[in-house]
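The values are calculated or read from the model by the stated rules, or taken from the named source; none is laboratory data. Just so it is clear, the structure is predicted and the values come from calculations on it, not from any experiment. Backbone-built Cβ (ideal geometry, glycine too); neighbour counts: all protein chains shown. Quick note on the areas: whole protein, heavy atoms, side chains included, nothing else; ligands and nucleic acids left out. Shrake-Rupley method; radii C 1.70, N 1.55, O 1.52, S 1.80 Å.
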Amino acid sequence: MITVDDVPEDTTMVVQAETPEDEVDEVLLTRVDGEVKAYLNRCQHWTDVRLDRGDGAEMRNGEIICEKHAAMFRVSDGLCTHGPCEGAMLPEVSVAADEGIVVLENGYRLLRRGSIDEDGEGDLDRGSRGGDDF
Ligand code: FES
């Protein structure tokens, strides 16, 4: 379980989520003005590049910065404001707070904290963070 208060404002938290297609993908969570925002953890320049590699994405002035080529995505709506994919939007995942608990919507289901490992199984952070399953 992740509470709204667990979600950072100055960086991101990566979680694994079941998608509407019954696959597992990474979603990054962050907060802007206290509201939780959720986006797929994929740069829109090269979609195989993660914005959060498991230890929080770099953020500055309310924008997530891709470490690869420095694209900047506005947290409030996911718009790329600068960089090689300027004008692209991060795919947003609808999110709600149910009595302070973060709940993904529209067919997404939050599974656990941490990144998917390279084999697509488990999560990279299980050992270091305890890999909370939900
Ligand atoms: S892969 Fe993110 S800016 Fe190029």
For residue 114, the residues 5 or more places away or on another chain with a placed amide H closer than 5 Å to its own amide H are 14, 15, 16
Please pull out the direction-averaged projected area of region 4-115, using the convex hull of its alpha-carbon atoms, in nm² to one decimal place. 6.3 nm²
Name the residue, out of 112, 31, 60, whose mean-square fluctuation peaks in a Gaussian network model built on the chain with Cα pairs under 10 Å. 60
If the chain between residue 18 and residue 58 were fully extended at 0.36 nm per residue, the gain over the current Cα-Cα distance would be 11.9 nm
Spin-label pair residue 103/residue 1, simplified geometry with 7 Å Cα→Cβ offset, distance in nm: 1.3 nm
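Run the accessible area of the chain with a 1.4 Å probe and give the carbon-and-sulfur part as a rounded percent.
41 percent
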Taking the chain as a Gaussian network, where each spring joins two C-alpha atoms under 10 Å apart, which residue of 25, 77, 117 fluctuates the most? 117
With runs of 4+ DSSP H residues as the only contributors, calculate the mean residue ellipticity of the chain at 222 nm using -39,500 (n - 2.57) per run, divided by the residue total and rounded to the nearest 500. -500 deg cm²/dmol
